[in-house]
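Data block below; observations after.
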Amino acid sequence: MSRIGKKPVELPAGVSASVSGQAIEVKGPKGVLSFKATDDVTLSVEDNAVSITPRGSSKRARQQWGMSRTCIQNLVTGVTVGFKKELVITGVGYRAALQGSVLKLALGYSHDVLFDVPEGITITVAKPTQIAVEGIDSQLVGQVAANIREWRKPEPYKGKGIAYKGEYIFRKEGKKK
(Lines give C-alpha, C1' and ligand atoms only; values in the text may rest on other atoms or scores of the structure.)
Protein backbone atom coordinates (compact mmCIF):
# COMPACT_ATOMS: atom_id res chain seq x y z
CA MET A 1 0.00 0.00 0.00
CA SER A 2 1.23 3.46 -0.88
CA ARG A 3 1.20 5.71 2.16
CA ILE A 4 1.52 8.76 -0.07
CA GLY A 5 -1.15 7.65 -2.55
CA LYS A 6 -3.74 6.91 0.15
CA LYS A 7 -3.98 10.57 1.19
CA PRO A 8 -6.31 12.69 -0.95
CA VAL A 9 -5.00 15.99 -2.33
CA GLU A 10 -6.88 18.81 -0.59
CA LEU A 11 -7.98 21.73 -2.79
CA PRO A 12 -7.64 25.07 -0.93
CA ALA A 13 -10.10 27.92 -1.36
CA GLY A 14 -9.90 29.49 -4.82
CA VAL A 15 -8.61 26.31 -6.48
CA SER A 16 -10.78 24.08 -8.67
CA ALA A 17 -10.00 20.78 -10.37
CA SER A 18 -11.75 19.02 -13.23
CA VAL A 19 -11.14 15.45 -14.38
CA SER A 20 -11.80 14.23 -17.91
CA GLY A 21 -10.69 10.65 -18.45
CA GLN A 22 -7.08 10.37 -17.31
CA ALA A 23 -6.39 14.12 -17.51
CA ILE A 24 -6.82 16.56 -14.62
CA GLU A 25 -6.80 20.34 -14.92
CA VAL A 26 -6.22 22.53 -11.86
CA LYS A 27 -7.14 26.24 -11.91
CA GLY A 28 -5.97 28.68 -9.27
CA PRO A 29 -5.02 32.30 -8.66
CA LYS A 30 -1.60 31.95 -10.38
CA GLY A 31 -2.77 30.07 -13.48
CA VAL A 32 -3.87 26.74 -14.94
CA LEU A 33 -1.88 23.48 -14.94
CA SER A 34 -2.76 20.01 -16.21
CA PHE A 35 -1.50 16.44 -15.75
CA LYS A 36 -2.27 13.25 -17.67
CA ALA A 37 -2.16 10.12 -15.52
CA THR A 38 -1.42 6.64 -16.83
CA ASP A 39 -4.12 3.98 -17.22
CA ASP A 40 -2.91 2.29 -14.01
CA VAL A 41 -4.72 4.77 -11.73
CA THR A 42 -8.20 6.29 -11.43
CA LEU A 43 -8.69 9.98 -10.64
CA SER A 44 -11.78 11.42 -8.97
CA VAL A 45 -12.76 14.78 -7.43
CA GLU A 46 -15.07 14.66 -4.41
CA ASP A 47 -15.58 16.84 -1.31
CA ASN A 48 -13.06 19.50 -2.46
CA ALA A 49 -10.28 16.89 -2.71
CA VAL A 50 -8.72 14.79 -5.47
CA SER A 51 -8.35 11.09 -4.69
CA ILE A 52 -6.24 8.61 -6.62
CA THR A 53 -6.80 4.84 -6.56
CA PRO A 54 -4.84 2.10 -8.33
CA ARG A 55 -6.59 -0.08 -10.93
CA GLY A 56 -4.96 -3.30 -9.74
CA SER A 57 -2.25 -4.63 -7.48
CA SER A 58 0.57 -4.83 -10.02
CA LYS A 59 3.90 -3.25 -9.18
CA ARG A 60 3.49 -0.61 -11.91
CA ALA A 61 0.01 0.39 -10.64
CA ARG A 62 1.36 0.85 -7.12
CA GLN A 63 4.28 2.93 -8.43
CA GLN A 64 2.00 5.17 -10.49
CA TRP A 65 -0.37 5.60 -7.54
CA GLY A 66 2.07 7.53 -5.32
CA MET A 67 3.73 9.34 -8.23
CA SER A 68 0.40 10.56 -9.63
CA ARG A 69 -0.67 11.86 -6.22
CA THR A 70 2.61 13.78 -5.85
CA CYS A 71 2.30 15.28 -9.36
CA ILE A 72 -1.25 16.46 -8.61
CA GLN A 73 -0.08 17.93 -5.27
CA ASN A 74 2.60 19.85 -7.22
CA LEU A 75 -0.10 21.23 -9.53
CA VAL A 76 -2.11 22.50 -6.55
CA THR A 77 1.00 24.01 -4.90
CA GLY A 78 2.03 25.63 -8.19
CA VAL A 79 -1.27 27.42 -8.84
CA THR A 80 -1.51 28.67 -5.23
CA VAL A 81 2.05 29.43 -4.04
CA GLY A 82 4.40 28.72 -6.96
CA PHE A 83 7.92 27.29 -6.91
CA LYS A 84 11.28 29.00 -6.48
CA LYS A 85 14.91 27.90 -6.87
CA GLU A 86 17.77 30.15 -5.85
CA LEU A 87 21.25 29.98 -7.37
CA VAL A 88 24.44 31.53 -5.99
CA ILE A 89 27.42 32.43 -8.19
CA THR A 90 30.88 32.18 -6.60
CA GLY A 91 34.12 33.24 -8.30
CA VAL A 92 36.14 36.33 -9.13
CA GLY A 93 34.53 38.11 -12.07
CA TYR A 94 31.57 35.71 -12.22
CA ARG A 95 28.29 37.61 -12.39
CA ALA A 96 24.79 37.64 -13.84
CA ALA A 97 22.61 40.38 -15.31
CA LEU A 98 19.10 40.34 -16.74
CA GLN A 99 18.57 42.14 -20.05
CA GLY A 100 14.90 41.94 -20.98
CA SER A 101 14.13 38.23 -21.34
CA VAL A 102 17.78 37.19 -21.65
CA LEU A 103 20.00 36.25 -18.71
CA LYS A 104 23.59 37.34 -19.36
CA LEU A 105 26.19 35.32 -17.44
CA ALA A 106 29.91 36.15 -17.17
CA LEU A 107 31.47 32.85 -16.09
CA GLY A 108 35.14 33.08 -17.00
CA TYR A 109 34.71 32.09 -20.65
CA SER A 110 36.07 34.25 -23.47
CA HIS A 111 32.46 35.29 -24.17
CA ASP A 112 29.33 35.99 -22.13
CA VAL A 113 26.76 33.21 -21.92
CA LEU A 114 23.28 34.31 -23.05
CA PHE A 115 20.40 32.26 -21.63
CA ASP A 116 16.90 32.84 -23.05
CA VAL A 117 14.27 32.76 -20.30
CA PRO A 118 11.47 30.34 -21.28
CA GLU A 119 7.81 31.35 -21.15
CA GLY A 120 6.18 30.74 -17.77
CA ILE A 121 9.42 31.38 -15.86
CA THR A 122 10.42 34.57 -14.05
CA ILE A 123 14.10 35.15 -13.35
CA THR A 124 15.23 37.87 -10.97
CA VAL A 125 18.80 38.95 -10.25
CA ALA A 126 18.83 40.63 -6.81
CA LYS A 127 22.62 40.93 -6.74
CA PRO A 128 25.07 40.11 -9.53
CA THR A 129 25.83 36.86 -7.68
CA GLN A 130 22.27 35.73 -6.87
CA ILE A 131 19.69 34.37 -9.31
CA ALA A 132 16.10 33.41 -8.42
CA VAL A 133 14.09 31.20 -10.79
CA GLU A 134 10.32 31.28 -10.16
CA GLY A 135 7.25 29.77 -11.81
CA ILE A 136 4.14 27.65 -11.30
CA ASP A 137 5.43 24.45 -12.95
CA SER A 138 7.72 22.52 -10.56
CA GLN A 139 9.40 20.51 -13.31
CA LEU A 140 10.08 23.56 -15.50
CA VAL A 141 11.50 25.63 -12.61
CA GLY A 142 13.88 22.80 -11.65
CA GLN A 143 14.93 22.20 -15.26
CA VAL A 144 15.68 25.88 -15.95
CA ALA A 145 17.72 26.13 -12.72
CA ALA A 146 19.63 22.97 -13.70
CA ASN A 147 20.29 24.35 -17.21
CA ILE A 148 21.72 27.58 -15.76
CA ARG A 149 23.85 25.64 -13.26
CA GLU A 150 25.13 23.39 -16.07
CA TRP A 151 27.14 26.29 -17.58
CA ARG A 152 29.61 26.26 -14.69
CA LYS A 153 29.13 23.66 -11.95
CA PRO A 154 30.92 24.31 -8.65
CA GLU A 155 34.43 22.90 -8.67
CA PRO A 156 35.83 21.13 -5.60
CA TYR A 157 39.06 23.11 -5.05
CA LYS A 158 37.92 26.74 -4.71
CA GLY A 159 34.16 26.26 -4.96
CA LYS A 160 33.90 28.51 -8.02
CA GLY A 161 30.78 28.16 -10.15
CA ILE A 162 26.98 28.23 -9.92
CA ALA A 163 25.46 26.35 -6.98
CA TYR A 164 21.99 26.05 -5.49
CA LYS A 165 21.50 28.15 -2.36
CA GLY A 166 22.32 25.96 0.64
CA GLU A 167 24.03 23.28 -1.48
CA TYR A 168 27.04 21.62 0.14
CA ILE A 169 30.09 21.60 -2.10
CA PHE A 170 32.54 18.83 -1.25
CA ARG A 171 35.95 20.49 -1.02
CA LYS A 172 39.25 18.83 -1.84
CA GLU A 173 42.69 19.73 -0.58
CA GLY A 174 45.03 21.14 -3.22
CA LYS A 175 48.58 20.07 -4.07
CA LYS A 176 51.14 20.09 -1.29
CA LYS A 177 54.77 21.08 -1.63
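The values are calculated or read from the model by the stated rules, or taken from the named source; none is laboratory data. A quick note: this is a predicted structure, and the numbers were derived from the prediction, not measured. Note that each Cβ is placed from the backbone with ideal geometry, even for glycine, and that neighbours are counted across all protein chains shown.
What about ILE162, is it under 15 Å from GLY82 (Cα atoms), surrounded by 14 or more Cβ atoms within 10 Å (Cβ to Cβ) and in contact with a helix residue (DSSP H, G or I) (Cβ under 9 Å, 6 or more places away or on another chain)? No. Please indicate, with yes or no, whether at least one residue in segment 53-62 is loosely packed, with under 14 Cβ neighbours inside 10 Å, touching an Asp or Glu at 6+ places or on another chain (Cβ under 6 Å) and among the hydroxyl-bearing types (Ser, Thr, Tyr). For segment 53-62, residues loosely packed, with under 14 Cβ neighbours inside 10 Å, touching an Asp or Glu at 6+ places or on another chain (Cβ under 6 Å) and among the hydroxyl-bearing types (Ser, Thr, Tyr): absent. Going by what's in this entry, would ALA132 be described as modelled with pLDDT of 95 or more, touching an Asp or Glu at 6+ places or on another chain (Cβ under 9 Å) and either in a helix (DSSP H, G or I) or farther than 25 Å from ILE4 by Cβ (or both)? Spelling it out, ALA132 is indeed modelled with pLDDT of 95 or more, touching an Asp or Glu at 6+ places or on another chain (Cβ under 9 Å) and either in a helix (DSSP H, G or I) or farther than 25 Å from ILE4 by Cβ (or both). Once segment 1-44 is narrowed to residues that are among the acidic types (Asp, Glu) and surrounded by 14 or more Cβ atoms within 10 Å (Cβ to Cβ), the residue that is nearest to GLN63 (Cα to Cα) is ASP40.
If you filter segment 27-78 down to residues that are among the hydroxyl-bearing types (Ser, Thr, Tyr) and in a strand (DSSP E or B), you find that the one that is nearest to the chain's Cα centre (by Cα) is SER34. Screening ALA49 against (1) more than 30 Å from LEU107 (Cα to Cα); (2) of a type outside the set (Asp, Glu); (3) buried (at least 16 other Cβ atoms within 10 Å of the Cβ) leaves a single unmet condition, (3). Among the candidates ILE72, ILE52, ILE24, the residue that is under 29 Å from ALA146 (Cβ atoms) and in contact (Cβ under 8 Å) with a residue 60 or more places away in the chain is uniquely ILE72.
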